[in-house]
Amino acid sequence: MDDVQALCAEIRDAVSESHAVADGEIGPDTPLLVSGLLDSLTIMRIVSRVEKRLGIAFPEEAVVAANFRTPAALWKAVEEVRGAGAGSVW
């Protein structure tokens with residue numbers, strides 16, 4: 001996973017596991033929280049997928065609503081976690 005479009009595909013797959021099928025396309029600016037696409041289980045599925053695909057550990061402090069408003073917001077958080085390396089920005 002190397003861009004927000006790949007993250008959108010991961011989100012779509014995680015949503016499909018929880019909601020049978022995600023209605024419509026999920027793009028970088030899709031409002032995930034207000035659309036009702038995400039619940040706590042789906043958020044944890046997304047976090048798990050991101051961690052596995054990128055070999056990172058998402059800190060608990062990063063699993064907040066603001067980071068899941070849109071795929072673009074989540075991608076920004078992912079990039080911050082990746083950039084933090086051994087240090088933490090959270």
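Scanning the stretch 47-76 for residues that are among the aliphatic types (A, V, I, L, M), over 10 Å from the mean Cα position of the chain (by Cα) and more than 13 Å from residue 1 (Cα to Cα) turns up 57, 62, 64, 65, 66. Evaluated against (1) surrounded by fewer than 19 Cβ atoms within 10 Å (Cβ to Cβ); (2) among the aliphatic types (A, V, I, L, M); (3) part of a helix (DSSP H, G or I), residue 1 falls short on exactly one condition, (3). Output the number of the condition that residue 71 fails; it satisfies all remaining conditions of (1) at pLDDT 90 or above; (2) touching a His at 6+ places or on another chain (Cβ under 9 Å). Evaluating residue 71 over (1) at pLDDT 90 or above; (2) touching a His at 6+ places or on another chain (Cβ under 9 Å) leaves (2) as the failure. Of the residues contained in the stretch 54-63, none is found to be in contact (Cβ under 8 Å) with a residue 12 or more places away in the chain, outside any helix (DSSP H, G or I) and in contact with a Leu (Cβ under 6 Å, 6 or more places away or on another chain).
Considered as a group, the residues in the stretch 4-32 that are at pLDDT 90 or above and in a loop (DSSP other than H, G, I, E, B) include one that is most open to solvent (accessible area, probe 1.4 Å), and that residue is 29. Only residues that are under 16 Å from residue 39 (Cα atoms) and either touching a Ser or Thr at 6+ places or on another chain (Cβ under 8 Å) or open to solvent by less than 30 Å² (accessible area, probe 1.4 Å) (or both) were counted across the stretch 63-82, and they come to 5. Selection within the stretch 35-51: residues that are over 12 Å from residue 14 (Cβ atoms) and surrounded by 11 or more Cβ atoms within 10 Å (Cβ to Cβ). The member of this set that is modelled with the lowest pLDDT is 35.
The values are calculated or read from the model by the stated rules, or taken from the named source; none is laboratory data. From a predicted model like this one, the values you see are computed outputs, not experimental measurements. Ideal geometry is used to build each Cβ from the backbone, glycine not excepted, and the neighbour counts take in all protein chains shown. The area values use the complete protein model at the heavy-atom level, side chains included, leaving out ligands, DNA and RNA. Shrake-Rupley method; radii C 1.70, N 1.55, O 1.52, S 1.80 Å.
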